[in-house]
Amino acid sequence: MSGPKPPSSEPLLDVRGLRTLFPIGDGEFAPVDGVDLRLGAGETLGLAGESGSGKSLLALSILGLVPEPGRIAAGSVRFGGRDLLQLDPEALRSVRGRELALIFQEPAAALNPVLSVGEQIVEVLRLHRGLDRRAARAEAVRALGEVGIADPEQRFGSYSHQLSGGLRQRAMIAMAMVSRPKLLIADEPTTALDVTIQAQVLELLAELQSSTGMALLFISHDLAVLSQIADRTAVMYAGRIVESGPTRALFQRPRHPYTLGLLRSLPELTPPGAELVALPGQPPRPGHRPSGCRFRSRCSLVQERCASEEPHLGSPAGASDQLSACHFAADVPALGGER
Ligand SMILES: Nc1ncnc2c1ncn2[C@@H]1O[C@H](COP(=O)(O)OP(=O)(O)O)[C@@H](O)[C@H]1O
Ligand SMILES: [Mg+2]
């Protein structure tokens, strides 16, 4: 495929107004409801939000993998200068195989139980990079070694059930990396792992990113994990991005009460002396989103306006690089409380 090169000012990934619908009862429900997201080449964007906020469906929507009977109803997904939503299925599959890769929480679902992990990587290499069997085998062994799997020659023949959770995750990463993606979408890749292995996998992803220059969309409900890896972070709530900005700025001084609530409930991120507070309530259930601001029923800053007027992402005064979808972004207290 040859198209005009994107101008350097265009981000690698530029998602606008993305909306994905699923039927519910007599109507439809939008787990992804007008999402805007930008990611530059080589950058790591963290995507945060409680379980059910729509993070996985956002990732699947970007990749054109929304499960039936869901459908993308609006928006655009520009990637490397073209809109993925306008590509025919074959062209999209080709982009997915070569330039975009996905890894997720449960490698068992990605790995074929009846093929050795090495053979699976060989298949990817033959399909997407056109290597012959011998070259593909050598490359697969190299790829297994590159993700820190000891004795890759021997591991080539292992089946996924013979590997520990951490090794399985590494094998899935190896499989994703052999197509040399420009963007890797990692959906809760460390959530199922214990803390030590989790840290190793995070370190591996950071290393691979700096050695290859790929961009990373790192999805996690765990803000403590994102604080370690993301350059910028976007926070999703009930289908929308409610805050985004440089990770450090956003964690130091959140501009949306939801982000503040998430941070205040995390011991790792709470400054010494500040009180730990659990975020009250639950995200709205599918089909039961309130009018106006969808966070208002859980919000400590709520006022009348929040029920009638839906807030949109904008830059609050004094925080030009942060965006917040809160009418009262300027009033969000500092993480440490009033000090
Ligand atoms: N295949 C599906 N069919 C219908 N609804 C779904 C499907 N997958 C997810 N959902 C719903 O969409 C919402 C967002 O889910 P998901 O994207 O998995 O959230 P997250 O990854 O943030 O936990 C949830 O309410 C979930 O129940
Ligand atoms: Mg998910």
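The values are calculated or read from the model by the stated rules, or taken from the named source; none is laboratory data. What you see is a predicted model; the values in this text were computed from it and never measured. All Cβ positions, glycine included, derive from the backbone under ideal geometry; neighbour counts span all protein chains shown. Note: accessible area is taken over every heavy atom of the protein model, side chains too, but ligands, DNA and RNA are not part of it. Shrake-Rupley method; radii C 1.70, N 1.55, O 1.52, S 1.80 Å.
Estimated from the Cβ-Cβ distance and a Förster radius of 41 angstrom, the FRET efficiency linking Ala278 and Ala74 is about 0.70. When the Cα positions of Gly81, Gly46, Leu21 are compared along the charge dipole of the stretch 12-106, Gly81 comes out farthest toward the positive end, with charges on each C-beta of Lys, Arg, Asp and Glu. Applying a 4.7 Å Cβ-Cβ cutoff to the chain leaves Cys299, Cys326 as cysteine residues with no disulfide-compatible partner.
Hydrophobic, long helices, defined as DSSP H runs whose alpha-carbon span along the helix axis is 24 Å or greater and whose mean Kyte-Doolittle value is at least 0.5, occur in the chain at 195-212.
Under the criterion of Cα pairs below 8 Å and six or more residues apart, the relative contact order for the chain equals 19 percent. If R0 is taken as 41 Å, the Cβ-Cβ distance between Arg285 and Gln200 corresponds to a FRET efficiency of 0.65.
Can you give the net charge of the other residues whose Cβ lies under 15 Å from the Cβ of Leu127, counting K and R as +1 and D and E as -1? Result for the neighbourhood of Leu127: +2. The shape of the stretch 89-187 comes out oblate: with a ≥ b ≥ c from the C-alpha gyration tensor, a/c is at least 1.5 while a/b does not beat b/c. Here the extension length gained between Arg129 and Gln154 equals 6.7 nm, from 0.36 nm per residue of separation less the Cα-Cα distance. Within the full protein context, the accessible area of Tyr159 is estimated at about 80 Å² for a probe radius of 1.4 Å.
Pro283: net charge of surrounding residues, Cβ under 11 Å, Lys/Arg +1, Asp/Glu -1, itself excluded? Charge balance in the 11 Å sphere: +3. Inter-label distance, Ala330 to Ser164: 5.4 nm, where each label sits 7 Å from its Cα along the C-beta direction.
Heavy-atom accessible surface of Val141, to the nearest 10 Å², is about 20 Å², with a 1.4 Å probe and all protein chains retained.
Here the chain has 50 percent of its accessible surface on carbon and sulfur atoms, given a 1.4 Å probe and all protein chains in place. How much length is gained if the chain between Ser210 and Glu268 is pulled fully straight, taking 0.36 nm per residue apart and subtracting their Cα-Cα distance, in nm to one decimal? Computed gain between Ser210 and Glu268 is 18.3 nm.
A straight chain from Gln86 to Ser308 at 0.36 nm per residue would run longer than the Cα-Cα distance by 76.4 nm.
If R0 equals 22 Å, the separation of the Cβ atoms of Arg180 and Leu115 corresponds to a calculated FRET efficiency of about 0.50. Quick check: from the Cα gyration tensor, does the stretch 20-111 come out rounded (a/c under 1.5), prolate or oblate? Because its axes are fairly even, with a/c under 1.5, the stretch 20-111 counts as rounded. Look at the Cα gyration tensor of the chain: its axes a ≥ b ≥ c give a/c of at least 1.5 with a/b over b/c, and that counts as prolate. Taking Lys and Arg as +1 and Asp and Glu as -1, the other residues whose beta-carbon sits under 13 Å from that of Ile219 total -3. For the chain, adding -39500 (n - 2.57) for each run of n ≥ 4 DSSP H residues and dividing by the number of residues yields -9000 deg cm²/dmol at 222 nm. GNM remark for the chain: springs join alpha carbons under 10 Å apart, and the peak mean-square fluctuation among Arg289, Arg19, Arg134 falls on Arg134.
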